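No value in this document is a laboratory result; all are computed from the given coordinates. Quick caveat: nothing in here was measured; it's all calculated off a predicted structure. Quick reminder, even Gly has a Cβ in these numbers, built from the backbone with ideal geometry, and neighbours come from all protein chains shown.
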Amino acid sequence: MLYRRLGKSGLKVSALSFGSWVTFGQQVDNSVAESCLKTAYDAGINFFDNAEIYANGQSEEVMGAILSKFGWSRDTYIVSSKVFWGGELPNQTGLSRKHVIEACQAALKRLRVEYLDLYYCHRPDPETPIEETVRAMDTLIQQGKVLYWGTSEWSAQEIMEAYSIARQYNLAPPTMEQPRYNLLNRERVENEYARLYESIGLGTTIFSPLAAGILTGKYLNGIPDDSRLSIENMAFLRDRWDRYFENGIATVLETLESIARKIGADLPQLGIAWCLKNSNVSSVILGASKPEQLENNLASLNFLDTLDEDLMGEIDIALSSLKELDL
């Protein structure tokens, strides 16, 4: 396994990490979840990603039970949660001080840990002043319940505002951002955040490196029954696939597959290795519904050195016919 610093912090995260969005508590049974988590840990993955909204808290409960069962030393793994969508009542959602602190308490209980290594604001909250959220996160850090906090899908302007407020009042600043990043979604990570990597030392733990499976090519002949696009509440992902298909992605995937074959990789391995070539990516969060899928994705590390500038250029040319969709 390869390890990278989380931005300019001293925390070392595995370049490949494991997340439970869609799968734990929803797509796979608990025995499969356990096998996947153990496969990840045994391969050197030290960062496990979660959120209060995943399977309405069930994902964290499943992960917490597995962590408790294996009893791995707490200094050998990093666990995260994200706060925003916690329920339907007024104070069960958003980034108010009340919800941020109560959601953290609930996540700790579900995950069966005494502290969260990473705690993310899952989305920006236009109804809560950023200063209120920054102060709430600082409180959790001072209490030892959170070690590092960050954002997910925030704009560069919003991140900078949070950072500036933290510095102004001597509070803990945001350390990391969790954006979507893959061959089809590049603008934010490569351009919008560019000034933040050096200026504030922003780290990124990117999600959806395979665009929810779109970049695997498995949907070209229909949607498999066991895929996430077949899940009832994932209609937005099916709509996303339809938009990309209309945008000509089938031809692009054929070209990308031929590039992957040049280095002995498959499409998922190429897509993940491509994400890792970006030095501003601290960790690529993998999702898997079976251990074999995870093992295949882990092999992406083998292609980092062979994915040279010429091949990266070929990939850019292959993608040039696609426009980046705002999805």
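Computed on the chain, with alpha-carbon pairs under 8 angstrom and 6+ residues apart, the relative contact order is 19 percent.
Were the residues from Lys323 through Thr255 laid out at 0.36 nm apart, the gain over their Cα-Cα distance would be 22.9 nm. Label-to-label distance for Ala194 and Ser155 is 1.9 nm, based on points extended 7 Å past Cα in the beta-carbon direction.
Secondary-structure-derived ellipticity at 222 nm for the chain, considering helices only, amounts to -12000 deg cm²/dmol, per-run term -39500 (n - 2.57) for DSSP H runs with n ≥ 4. With neighbour counts taken as other beta-carbon atoms within 10 Å, the residues Met312, Met63, Met176 rank, fewest first, as Met312, Met176, Met63.
Remark: spin-label model distance Phe245-Leu89 equals 4.2 nm, labels positioned 7 Å along the Cα→Cβ axis. Taking a straight line from the alpha carbon of Lys145, these lysines sit under 24 Å away, with near neighbours fewer than eight places off in the same chain left out: Lys8, Lys12, Lys69, Lys82, Lys98, Lys109.
Straight-line cross-link partners of Lys323 among the lysines, defined as a Cα under 19 Å from its Cα and at least 8 positions apart when in the same chain, are absent. Each of Trp85, Trp154, Trp21, Trp72 was scored by other Cβ atoms within 10 Å of its Cβ. Listed from fewest to most, they are Trp72, Trp85, Trp21, Trp154. Note on the stretch 165-223 and the stretch 132-152: Cα centroid distance 20 Å, given to the nearest whole angstrom. GNM on the chain, C-alpha springs below 10 Å: top fluctuator among Asn247, Asn182, Asn46? For the chain, modelled as a Gaussian network with Cα springs under 10 Å, the answer is Asn247.
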